[in-house]
Amino acid sequence: MKPTATITLICINVAVYLSLPGQSPAYELLSLQPLQPIEGTVYFHLWQVVTYAFLHSKVDIAHILFNMWGLWLFGSEIERHLGHRRLLSIFFASVLSGAIAQLLTPMMFHSEPAPVVGASGGVMGLLLAYAFLFPRRKLIVLPIPVPLPAWLFATLYAGLELFLGLTGAQTNVAHFAHLGGMIGSGILLAYWGRRYTDS
């Protein structure tokens, strides 16, 4: 099966990246804005819980490159195994749950609210799904230069995201959106059951 849904998601992300200036009103309107007021104004709109996943940083091209690489690496295999609709279900469930987690984080931890962009929540959800479906597949993903089983890699990555999110050791990264993406994916996979897993 050709991974057409994965390819389509990548093409939309790249098209938006190339066509939408980073400082444009449209970019701000589609970014995931915090629920809290910024200088007395609330900029959040409901559609942003989806549209933010198709925007990427204009000052760091690695942002979109790594996300699209992860989308292809995990998404194409998941799509071949589960089909187009289930791949899209996992991706958008992860995007939504990542947005919810990011919106609630400033309230829970009294951190500074800031707009968020990027498909990372969706990609992290795909990583969890990949580890669930193919737990013994080996992954070599930098900065870890050794092959690890997918289940172990996903576990270590989630642990690192939680540590960085709680300690604030790495700023300007939406760690809780990443973790939220994994939670959304996990809930959907649990609802479907284990009949899709593969060794």
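Read-outs: derived from the displayed coordinates by stated rules, not from any lab. Keep in mind that this is a model prediction, so the values were computed, not measured. Quick reminder, even Gly has a Cβ in these numbers, built from the backbone with ideal geometry, and neighbours come from all protein chains shown.
Observations on the structure shown:
- For segment 20-114, chymotrypsin sites (Phe, Trp or Tyr not before Pro) are listed when DSSP marks them as loop and at most 13 other Cβ atoms sit within 10 Å of their Cβ; the list is Trp47.
- R0 of 41 Å, Cβ-Cβ distance Ser24-Lys2: FRET efficiency to nearest 0.05: 0.75
- Order of Met108, Met124 - criterion: other Cβ atoms within 10 Å of each residue's Cβ, fewest first: Met108, Met124
- Ordered by the number of other Cβ atoms lying within 10 Å of each residue's own Cβ, fewest first, Ile187, Ile100, Ile61 fall into the sequence Ile61, Ile187, Ile100.
- Percent RCO, i.e. relative contact order, over segment 4-192, from Cα pairs under 8 Å lying at least 6 residues apart: 25
- Those residues of segment 71-111 whose amide nitrogen sits under 15 Å from the label point placed on Ile140, 7 Å along Cα→Cβ: none
- Kirkwood analysis of the Cα pair distances in the chain returns a hydrodynamic radius of 17.1 Å.
- Residue-averaged 222 nm ellipticity for the chain, from DSSP H runs of 4+ at -39500 (n - 2.57), nearest 500: -20500 deg cm²/dmol
- Using only alpha carbons, segment 43-88 has a radius of gyration to Kirkwood radius ratio (Rg to Rh) of 1.09.
- Förster radius 22 Å - calculated FRET efficiency between Val59 and Leu164 (Cβ-Cβ, nearest 0.05): 0.60
- Taking the average, over residues, of other Cβ atoms within 10 Å as the packing measure, peptides 154-166, 75-87 rank 75-87, 154-166 from highest down.
- Peptides ranked, highest mean first, by Cβ atoms within 10 Å: ranges 114-120, 33-39: 114-120, 33-39
- Axial C-alpha extent at least 24 Å, average Kyte-Doolittle at least -0.5 - helices from the chain (DSSP): 61-82, 84-109, 150-167, 175-192
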